[in-house]
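These notes are about the structure you will find just below.
FYI, it's all coordinate maths here, none of it is from the lab. Every value quoted in this text rests on a predicted model; they were computed, and no experiment measured them.
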Amino acid sequence: MSFVRCLECPRCHSTYTATEIHNLCQCGSPLLVRYDLERLGQAVKKEDLKSRRADLWRYWEFLPLRGRTGKTGNKGINVEIVK
Ligand SMILES: [Zn+2]
């Protein structure tokens, strides 16, 4: 489940869907990821984070992904991202 709402340009405030690849805004600015913070806050609690393994996937809901598969190994992060 993704909590990404859209991509937004900090310069001209144009918005883009997060389901398509956008490298830059039409004005040339990099895009920011905007999240549904209310829904994210309801789904993830601080206590949940504390009990998770201390690696990148501890915060996976805060990443601009639709989902994930794979596991984190002892030698670093080895994952397959589902689009
Ligand atoms: Zn722009």
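Under 5 Å between amide hydrogens, built in the peptide plane, is the criterion, and for residue 31 it picks out 25 among residues at least 5 positions away or on other chains.
Remark on residue 5: its backbone amide H falls under 5 Å from those of 34, 35, 36, a criterion applied only to residues 5 or more positions apart or on other chains, H modelled at 1.01 Å from N.
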